[in-house]
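Engineer: If you scroll down you'll find the structure; I have some questions about it.
The values are calculated or read from the model by the stated rules, or taken from the named source; none is laboratory data. Please read these numbers as outputs of a predicted model, since none were measured by experiment. Glycine gets a Cβ as well: all are built from the backbone with ideal geometry, and neighbour counts include every protein chain shown. Just the protein is used for accessible areas: all its heavy atoms, side chains included, with ligands, DNA and RNA removed. Shrake-Rupley method; radii C 1.70, N 1.55, O 1.52, S 1.80 Å.
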Amino acid sequence: MFADRVLSGMRPTGSLHLGHYHGVLKNWVKMQHEMECLFFVADWHALTTHYDTPQVIEQSVWDMVVDWLAAGVDPAHATLFIQSRVPEHAELHLLLSMITPLGWLERMPTYKDQQEKLSGKDLSTYGFLGYPLLQSADILIYRATQVPVGEDQVPHIEFTREIARRFNHIYGREAGFEEKAEAAVKKLGGKKAKLYAELRVRYQEQGDDEALEAAKALLDEQHSLSHGDRERLFGYLEGGGKMILSEPQAMLTAASKMPGLDGQKMSKSYNNTISLREDEASVTRKIRTMPTDPARIRRTDVGDPDKCPVWQLHQVYSNEATKAWAMQGCKSAGIGCIECKQPVIEAVLDEQCPMRERAQLYLDDPTLVRNIIADGCEKARALARDTMRDVREAMGLSYS
Ligand code: TRP
Ligand code: SF4
């Protein structure tokens, strides 16, 4: 078992390209071996901006999952699911909305930014304002400890932490907390109960941080405790109430430096992408027709790689020897641009080859993907239900 749980989601609003691969998916593939990972299709989030074009979302959902699998995300190591298939996310979103100050949402930098960026669309909706809260529900419902995101999403994680804190503050003070905590201490058993009590006193009376750490380590080892009791004992240690929702950490993924076909960052909105599983002929044609140093008009003109988008692709795809060859050949007009592009074309095709192969397996038998997702949804739902039980109880909704 891993101590950390990673959660990340992606909005299905179009097909994935090599920028997503280098910026996000390679990282997911690596993490799936190091931590417990949950990756999901954020279809409800896509609807907040694409509410008038749901066909786009419907189209992209399965393609996106195939892209993930093609990139090497492995269902044996990571849980893959679709947000809307775990309706508990919506329930938590609703319940959290009760305690979410409007101002927190209105002040989110992404709120104004996106409205300006997508100015052709009316985003003064309730759903769009609540986007970060829905994201908080996604994260908190799995008690995720780590959330890999790009820089633009960091305020959403900070917001999530504030929501968790606010929730614990309001609902963590259950009636009879002390008595329940004391009862939970007893359940630890004689020796451990005594040790816990001693460490707690040492921390609370003398501020001994080592005692706090030792007590936390002791609790970490108690696998037979119920979740409620665990959280009570953690809360009791530090003198607060019960910690029902836990605060996640943002795991900053370096901004994708993947250049597009025109030298700007690769992005659908710049129309400069190579899609993840684009066919070979099209990849070749796109790179062959890429612009180069505009001053290099004739084959005999010398060029300057620093003014050429192809050179940027060499930075991603070529080894030192190839880069030296291109640099030297360009500056001396020793090679032509088509020649210079050839190693890049080959490297991109090589990178995509295993992806195309893996994808083919799933394209040939679409039930494979359906089953992977059905399986992932079931696993995710079991975790989500657990949290919702505690949340409902804390909010006084578990009538019997
Ligand atoms: N907002 C994220 C994005 O645009 C997608 C997302 C939705 C997400 N829910 C999440 C990411 C939960 C991480 C965790 O990229
Ligand atoms: Fe660009 Fe290469 Fe042509 Fe130089 S030789 S301009 S680096 S494509």
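Engineer: Along the charge dipole of the chain, Cβ charges K/R +1 and D/E -1, which of T300, P248, H22 sits furthest on the positive end?
Structural biologist: Highest projection toward the positive end goes to T300.
Engineer: Would you work out which of L188, A214, L199 lies farthest towards the positive end of the dipole of the stretch 122-255, given +1 charges on the beta-carbon of Lys and Arg and -1 on that of Asp and Glu, about the Cα centre?
Structural biologist: L188
Engineer: Treating the beta-carbon of each Lys and Arg as +1 and of each Asp and Glu as -1, no other charges, what is the dipole magnitude of the chain about its Cα centre, to the nearest 20 debye?
Structural biologist: Charge dipole of the chain: 240 debye, to the nearest 20.
Engineer: Cut-off 10 angstrom, C-alpha nodes, Gaussian network model of the chain. Which of D138, D220, D386 fluctuates the most?
Structural biologist: Judging by the Gaussian network model, the answer is D220.
Engineer: Additional query: How many Å² of accessible area per residue for the stretch 277-364, probe 1.4 Å?
Structural biologist: That works out to 55 Å² for each residue.
Engineer: Among V316, V29, V65, determine the one that fluctuates most according to a GNM of the chain built with springs between C-alpha atoms less than 10 Å apart.
Structural biologist: Its mean-square fluctuation being the largest, the pick is V316.
Engineer: May I ask for the angle, rounded to the nearest 10°, between helix 88-97 and the longest principal axis of the chain, with both axes built from Cα atoms and the value confined to 0 to 90°?
Structural biologist: Roughly 70 degrees between the two axes.
Engineer: How big is the convex hull of the Cα atoms of the chain, per residue, in Å³?
Structural biologist: It comes to 181 Å³ per residue, whole-number rounded.
Engineer: Provide the gained length on full extension for the span R166 to D386, in nm with one decimal, where the gain is 0.36 nm per separating residue minus the Cα-Cα distance.
Structural biologist: That works out to 77.2 nm of additional length.
Engineer: Filter the trypsin sites (Lys or Arg not before Pro) in the stretch 174-279 down to the DSSP loop ones having no more than 15 other Cβ atoms within 10 Å, then list what survives.
Structural biologist: Counting only loop positions with at most 15 other Cβ atoms within 10 Å, the trypsin sites (Lys or Arg not before Pro) in the stretch 174-279 are K257.
Engineer: Would you work out which of A347, Y317, G336 lies farthest towards the positive end of the dipole of the stretch 277-364, given +1 charges on the beta-carbon of Lys and Arg and -1 on that of Asp and Glu, about the Cα centre?
Structural biologist: Of the candidates, G336 comes out farthest on the positive side.
Engineer: Still on this model: Using just the alpha carbons, could you tell me how many Å³ per residue the convex hull of the stretch 65-127 encloses?
Structural biologist: Considering the Cα atoms of the stretch 65-127, their hull volume per residue is 161 Å³.
Engineer: Moving on. Suppose the chain between E182 and E221 were pulled fully straight at 0.36 nm per residue; how much longer would it get relative to their current alpha carbon spacing?
Structural biologist: Going from the current span to full extension adds 12.2 nm.
Engineer: For the stretch 277-364, place one equal point scatterer on every Cα, skip the solvent, and apply the Debye formula. What is log10 of I(q)/I(0) at q = 0.10, 0.15, 0.23 Å⁻¹?
Structural biologist: -0.29, -0.57, -1.08
Engineer: What length, rounded to one decimal in nm, is gained on full extension from E346 through to S124, with 0.36 nm per residue of separation minus their alpha-carbon distance?
Structural biologist: 75.3 nm
Engineer: Taking a quarter of the surface of the Cα convex hull of the stretch 306-356, what do you get in nm²?
Structural biologist: 3.5 nm²
Engineer: Something else: Just E58, E198, E278 to compare: in a GNM of the chain, with alpha carbon springs under 10 Å, which one fluctuates most?
Structural biologist: E198
Engineer: Using the Kirkwood radius built from alpha carbon pairs, what does the Stokes-Einstein equation give as D for the stretch 346-400 at 20 °C and 1.002 mPa s, in µm² per second?
Structural biologist: Answer, rounded: 146 µm²/s.
Engineer: Let me ask something else. Sort 371-383, 15-27 by the packing proxy (mean of other Cβ within 10 Å over each peptide's residues), most packed first.
Structural biologist: Per-residue mean Cβ counts within 10 Å order the peptides as 15-27, 371-383.
Engineer: Also, I was wondering about something else. In Å, what is the Rg of the alpha-carbon atoms in the stretch 253-400, and how long is Dmax?
Structural biologist: 23.8, 85
Engineer: What is the distance in Å between the Cα centroid of the stretch 176-235 and that of the stretch 288-328?
Structural biologist: Spelled out, the Cα-based centre of one part sits 63 Å from the other.
Engineer: Binning at 10 Å from 0, report for the stretch 156-212 what percent of all alpha-carbon pair distances ends up in each bin.
Structural biologist: 21, 29, 38, 12, 1
Engineer: While we're looking at this one, here's another question. Using only the alpha carbons of the stretch 329-374, what is the convex hull's orientation-averaged projected area in square nanometres?
Structural biologist: Seen from a random direction, the Cα hull of the stretch 329-374 projects 4.3 nm² on average.
Engineer: Hey, another quick one. When Rg is the radius of gyration of the Cα atoms in the stretch 177-237 and Rh is its Kirkwood radius, what does Rg/Rh come to?
Structural biologist: Using Cα coordinates only, the ratio equals 0.93.
Engineer: Please report the accessible area of M98 (heavy atoms, 1.4 Å probe, ligands and nucleic acids excluded) in Å², nearest 10.
Structural biologist: Answer for M98: close to 120 Å² accessible.
Engineer: Which three extents, in whole angstrom, do the alpha-carbon atoms of the stretch 155-276 cover along their principal axes, largest first?
Structural biologist: So the extents along the principal axes, rounded to whole Å, are 68, 29, 28.
Engineer: With a probe of 1.4 Å, find how much accessible area the stretch 177-237 has per residue, and write the answer as a whole number in Å².
Structural biologist: Heavy-atom SASA per residue in the stretch 177-237 reads 59 Å².
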